Amino acid sequence: MVERNVIVRKLDSLEASSAVTDICSKKTGTLTQGKMVVKKARIPSRRTYSVGPSIEPFNPTVGKVSYAPVPPVQLDDENEGPAADIIGDLIPGNRQLQEFLDVASMANLSPLHKTEEGEWHVRGEPTEIAIQVFASRFNWSCDRWTKGQGVVWHQKAEFSFGSTVKKMTVIFNKVTPHKNRTMLFTKGAVKRIADSCGVLISP
């Protein structure tokens, strides 16, 4: 210890460590690789959307999406509901899912894109990446609505996540042939989000 210039505050702890013969530790893929995958999304009015097994956390085309009209506690890996043959079929007429995906993709600082070589690249925090990939499974990524010729949403402001406010907020303006409206999308700690809502509706 002296040779390595280690300063020991409590010598008795050093004596105790000399008696240790085995050290057992466990590592998880999340901590080691910094990669996460959204497995289930609960929308109270629509219940649960599940994502099947995937070994490519950045690839939104890997892992089947299933839907079940029950809470997540009633599901397991063998019973996740029927898988959608075409994920886009889950979108039409499903306003609740569309609004959920709007927040997931817009209130997000992790852009996801596919290279010419067919590889998926993304940068940002693991949690935000996982949420953006989930939205992209439905072809609802932020880039689809904010870039290119088919621009629908125009960002007006961004309020970054902070340890005090514990939420992240963006303001977008939606321009369509029929109307022009401004929307605020926010995500963060449940209590802070609930406090920001005028009315909290129980599921």
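At a glance:
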quantity: Qualifying residue in the range 41-51 (condition: of a type in the set (D, E, K, R) and under 17 Å from Asn139 (Cα atoms)); calculated: no
quantity: Total residues in the range 160-182, condition without any contact (Cβ under 8 Å) to a residue 12 or more places away in the chain and either of a type outside the set (Gly, Ala, Ser) or open to solvent by 90 Å² or more (accessible area, probe 1.4 Å) (or both); calculated: 7
quantity: Selection from the range 80-99 of residues that are within 19 Å of Ser141 (Cα to Cα), of a type in the set (Asp, Glu) and either at pLDDT 85 or above or touching a strand residue (DSSP E or B) at 6+ places or on another chain (Cβ under 8 Å) (or both); calculated: Glu99
quantity: Enumeration of residues in the range 33-60 that are within 19 Å of the chain's Cα centre (by Cα), touching a residue at least 60 places away in the same chain (Cβ under 8 Å) and either in a loop (DSSP other than H, G, I, E, B) or more than 19 Å from Ala104 (Cβ to Cβ) (or both); calculated: Gly34, Lys35, Met36, Val37, Val38, Pro44, Glu56, Pro57, Phe58, Asn59, Pro60
quantity: Of the criteria (1) out of contact with any Leu (no Cβ under 7 Å at 6 or more places or on another chain); (2) hydroxyl-bearing (Ser, Thr, Tyr); (3) closer than 24 Å to Tyr49 by Cα, which one Ser141 fails; calculated: (1)
quantity: Residue, most open to solvent (accessible area, probe 1.4 Å), within the range 60-76, restricted to residues that are out of contact with any helix residue (DSSP H, G or I) (no Cβ under 9 Å at 6 or more places or on another chain) and within 11 Å of Lys40 (Cα to Cα); calculated: Val73
quantity: Whichever residue in the range 111-135 is out of contact with any Ser or Thr (no Cβ under 7 Å at 6 or more places or on another chain) and under 17 Å from Glu99 (Cβ atoms) and, among such residues, is least open to solvent (accessible area, probe 1.4 Å); calculated: Phe134
quantity: Out of Lys187, Lys156, sole residue that is touching a residue at least 12 places away in the same chain (Cβ under 8 Å), of a type in the set (Lys, Arg), open to solvent by 30 Å² or more (accessible area, probe 1.4 Å) and closer than 17 Å to Leu112 by Cβ; calculated: Lys187
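The values are calculated or read from the model by the stated rules, or taken from the named source; none is laboratory data. Because the structure is predicted, anything quoted here is derived from the model rather than measured. Note: ideal-geometry Cβ built from the backbone for every residue, glycine included; neighbour counts use all protein chains shown. Ligands, DNA and RNA are stripped out before the accessible areas are found, and what is left, the full protein with its side chains, is counted by its heavy atoms. Shrake-Rupley method; radii C 1.70, N 1.55, O 1.52, S 1.80 Å.
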